[in-house]
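In what follows, a single structure is set out as structure tokens and then discussed.
Where a number appears in this text, it was derived from the coordinates with a stated rule and is not lab data. Every value quoted in this text rests on a predicted model; they were computed, and no experiment measured them. Using ideal geometry, Cβ is built from the backbone for each residue, glycine included, and neighbour counts are taken over all protein chains shown.
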Amino acid sequence: MICVSIGRGRHRHVIAEHRHLVSQGAKLVELRLDYINGKINLKRLMTERPCPIVLTIRRDIDGGKWKGTEQERHMLLRAAIVDGVDYVDLEEDTAKAIGRYGKTKRIVSYHDFRQTPDDLAAIHARLAALDPDIIKITTMANSPHDNLRMMQLVQSVKVPTVGMCMGDLGTPSRILCGRFGAPFTYASFHHERLLAPGQLSFEEMNSVYHYDKIDAQTTVLGVIADPIGHSLSPLVHNTALRQAGINAVYVPFRVPAEHLDQFLTDAKQWGIRGLSVTIPHKEAVLKRLTKFDPAVKAIGAANTLVFEGDEIIGYNTDFRAALESVLRGVHSIHRLDVDEHLASVQSVAAEHQPTEDGLQGKTALLLGAGGAARAMVYGLKKNGAKVVVSSRTLKRAQQLAQTMGCDCIDWNNRHAISPDIVVNCTPVGMHPNVDETPYARGHLRSQVVVFDMVYNPENTLLIKEAKAQGCSVVTGIEMFVRQALLQFKLFTGQNASWELMRDTLKRAIGPAKA
Ligand SMILES: NC(=O)c1ccc[n+]([C@@H]2O[C@H](COP(=O)([O-])OP(=O)(O)OC[C@H]3O[C@@H](n4cnc5c(N)ncnc54)[C@H](OP(=O)(O)O)[C@@H]3O)[C@@H](O)[C@H]2O)c1
């Protein structure tokens with residue numbers, strides 16, 4: 001169950017939001033009375049409640065907005081209990097002062113906005129002595145490991161406990177606490193009105209994470225990154241998982257570089273089966289792999305991890321997705337035959353073989369010399385293309401060319417060659433800098449295949465100009481969806497729907513940015 005917190009200044013807004021939430025399926029709502037401006041009309045809020053409520057009045061020391069006296073606060077809480085409120089939230093000292101009465105259930109709560117204390121079990125034991133029906137512990141996560149400690153507490157205690165960590169490091173605990181036995185989690189009414197750092201909206205909890213379907217058997221998948229930003233991978237993967245009827249949830253884990261090792265050690269206790277890996281971890285994960293796809297070794301980066309017993313197996317679906325995208329442009333391959341390509345992906349010992357319809361005799365110009373370019377060079381070279389890399393920082397292009405065995409040219413000379421394929425492996429043109437392009441329109445000949453890895457927007461200036469010049473174009477959406485399809489198969493053994501993933505991604509990016 002999801003408890004949705006409402007914090008509004010006016011009674012009528014509280015009541016309107018409450019009704020709306022119930023119409024959207026909410027079964028429990030927390031009314032944060034400390035947000036109400038002026039005199040609180042408890043009777044009105046209680047009589048007009050369309051579903052059970054948790055009544056909370058937070059002081060500033062507990063992260064709230066209550067401006068009245070402590071005596072007034074206690075009077076309101078007592079009045080609500082006498083009126084038969086469904087749940088009342090009582091902080092540790094308040095729970096000592098206000099006793100049980102009637103049918104009202106007591107949530108005894110604890111907050112720490114600075115840290116997740118070492119002695120969580122001792123704190124829990126203290127709260128358990130205060131006659132709770134439910135214990136709520138909310139602390140700040142300063143490392144991903146704090147979340148796991150909190151989940152282990154939730155799982156190990158007798159009194160039903162909602163344990164969650166705050167901050168963007170803590171988001172996984174809000175999504176996964178039900179898997180570890182929490183009676184409910186908390187969410188906000190709207191993503192623009194978060195009442196606690198790292199909180200998700202009711203809508204996200206439902207439509208992205210399908211929170212109410214998460215149980216002790218749910219397999220955990222996810223993405224590790226820092227920053228995690230607004231990664232679209234959770235939306236795309238969770239939509240596909242739901243459609244396939246698989247009991248798994250895909251979670252965004254913000255993992256700072258210094259916590260990567262501990263996180264991978266913790267993965268088994270989280271119940272993690274698979275992870276997408278992105279900046280800055282693609283290279284750093286290599287030292288923890290016990291098996292890997294040959295491409296991972298050649299590229300020096302893995303973007304997909306699969307956990308099997310004590311094994312951590314690394315794959316690089318970026319390279320396959322990027323290569324397939326180029327081949328689609330060159331040979332008008334319309335769809336990725338997932339099974340065919342996964343036959344080699346799944347056999348970690350198998351080398352990727354050049355395809356029959358390879359790229360012999362073609363010259364590819366790669367713009368950018370980062371991780372994505374590296375994966376692209378590997379795929380293009382394996383398929384017989386001559387590759388030239390050009391990067392803003394010449395040294396980076398030279399290093400890539402040297403290690404991967406290709407050519408490089410100065411960024412200022414990138415228009416001096418006549419490539420058959422141009423691949424943008426830089427973020428140039430990405431939202432919000434949609435008026436930028438890494439390659440001048442005048443140099444785009446109609447026979448050229450233009451592949452832009454940027455997917456937000458899909459129709460970058462480069463893509464628009466290439467279309468106008470009559471080039472064959474492939475967008476970053478294609479690559480994104482292809483790598484997600486390959487990851488999905490590696491994680492679940494099943495094929496996801498290409499159309500579903502693509503449409504979900506396109507809808508999320510939205511026409512405004514496209
Ligand atoms: N569609 C997909 O599925 C997919 C998958 C992976 C990546 N991508 C996209 O591909 C792009 C590159 O990713 P990455 O992981 O390779 O990033 P990365 O490792 O940070 O490398 C970025 C490269 O772009 C260059 N660059 C950055 N800003 C530039 C600018 N304003 N002008 C010229 N060059 C610039 C960098 O040059 P310096 O060394 O000079 O900074 C570097 O060579 C990103 O936009 C990413 O979103 C898309």
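Structure above, values below:
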read-out: DSSP-defined beta bridges in the chain - what % are antiparallel, rounded to 5; value: 10 percent
read-out: Sequence-separation-based contact order of the chain, relative, with Cα cut under 8 Å and 6+ spacing, percent; value: 8 percent
read-out: Global geometry of the stretch 213-287, whether rounded, prolate or oblate, following the gyration tensor of its Cα atoms and the 1.5 cut on a/c; value: oblate
read-out: Proxy reagent accessibility, fewest Cβ within 10 Å first, across LYS282, LYS268; value: LYS268, LYS282
read-out: Charge dipole magnitude, Cβ of K and R +1, D and E -1 - the stretch 2-216, Cα centre, debye nearest 20; value: 720 debye
read-out: Centroid-to-centroid separation of the stretch 405-461 and the stretch 95-156 [C-alpha atoms, Å]; value: 54 Å
read-out: Rounded Å value of the spacing that divides the Cα centres of the stretch 62-88 and the stretch 374-398; value: 65 Å
read-out: Mean Cβ neighbour count within 10 Å, used as a protection proxy, ranking 378-385, 129-136 highest first; value: 378-385, 129-136
read-out: Taking MET150, MET404, MET46 and counting other C-beta atoms within 10 Å, the order from fewest to most; value: MET46, MET404, MET150
read-out: Options SER173, ILE509, ALA95, ranked by Cα towards positive dipole end of the chain, top entry (Cβ charges); value: ALA95
read-out: R0 of 41 Å, Cβ-Cβ distance ARG288-HIS13: FRET efficiency to nearest 0.05; value: 0.25
read-out: Proxy reagent accessibility, fewest Cβ within 10 Å first, across TRP498, TRP270; value: TRP498, TRP270
read-out: Of ALA79, SER109, THR185, farthest towards positive along the dipole that unit charges on Lys, Arg, Asp, Glu beta carbons give the stretch 2-216; value: ALA79
read-out: Net charge, ASP131 excluded, C-beta distance under 15 Å - Lys, Arg +1, Asp, Glu -1; value: +3
